Every structure is written in C-alpha cells, then in structure tokens.
1. Mind checking the per residue accessible area of the chain for me, 1.4 Å probe, whole number of Å²?
2. If you fit an axis through the alpha-carbon atoms of helix 57-68 and take the longest principal axis of the Cα set of the chain, what angle between them do you get, 0 to 90°, nearest 10?
3. In degrees from 0 to 90, rounded to the nearest 10, what is the angle of the helix 10-23 Cα long axis to the longest principal axis of the chain?
4. For the chain, what is the charge dipole size about the Cα centre, in debye to the nearest 20, if Lys and Arg each add +1 at the Cβ and Asp and Glu each add -1 at the Cβ?
5. Quick one: angle between helix 27-54 and the longest Cα principal axis of the chain, in degrees between 0 and 90, rounded to 10, please.
6. With a point put 7 Å past each Cα toward its Cβ, work out how far L4 is from D43 in nm, to one decimal.
7. Report, as a whole number in µm² per second, the diffusion coefficient that Stokes-Einstein gives for the chain at 37 °C and 0.692 mPa s using the Kirkwood radius over alpha carbon pairs.
8. Quantify, in whole percent, the carbon and sulfur part of the accessible surface of the chain (1.4 Å probe; protein heavy atoms only).
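The values are calculated or read from the model by the stated rules, or taken from the named source; none is laboratory data. What you see is a predicted model; the values in this text were computed from it and never measured. Neighbour counts are summed over all protein chains in view; Cβ atoms, including those assigned to glycine, are modelled from backbone coordinates with ideal geometry. Note: accessible area is taken over every heavy atom of the protein model, side chains too, but ligands, DNA and RNA are not part of it. Shrake-Rupley method; radii C 1.70, N 1.55, O 1.52, S 1.80 Å.
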Amino acid sequence: MSTLTIRLPDDKHERLKALAENRRISVNKLIDELATIAIANHDARLRFAARSARGNVSKALAVLERLGDL
C-alpha cells in the first residue's frame, strides 16, 4: 500500500472531514472510495470509446428504429 500526500484548501479539507464523519468512515477511506469511483468512471469511458469506434452507425440506427416501434 502507498502513502499519498495531497494539498487541499482548508475549507475543502473540512468539508471532506464532515462528509466522512457523516458516513461514519475515515477521511482516508472516503478518499479511497472516491478514487475507486473516479477510476471506474474512467475505465467505463475508455470501454465505451473503444466499443463505439468498432460500431456500425447504420446498424445502431436500425436497432433504435426498431425499438421506437415497441
């Protein structure tokens, strides 16, 4: 496990502490959870971009057209 030092404005640090207290977790755990969410969002964007690059626009539009008929 790594140790990371970050610099934050005091007001942001206080808000993070309050959020962590509200969730009944440590600030460290809160930052870990937020980092996990950021990484998952990034990975999803990359997967979507890769899939859309392989996609076929006319086939996708045809599927959407069929769905519109439901």
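1. Numbers: 6720 Å² over 70 residues.
In whole numbers, the chain has 96 Å² accessible per residue.
2. Once rounded, the angle reads 90 degrees.
3. It works out to around 80 degrees.
4. It works out to roughly 220 debye.
5. On a 0 to 90 degree scale, this one is about 20.
6. Roughly 1.5 nm, to one decimal.
7. Estimated via Stokes-Einstein, D reaches 206 µm²/s.
8. Roughly 57 percent of what the probe reaches on the chain is carbon or sulfur.
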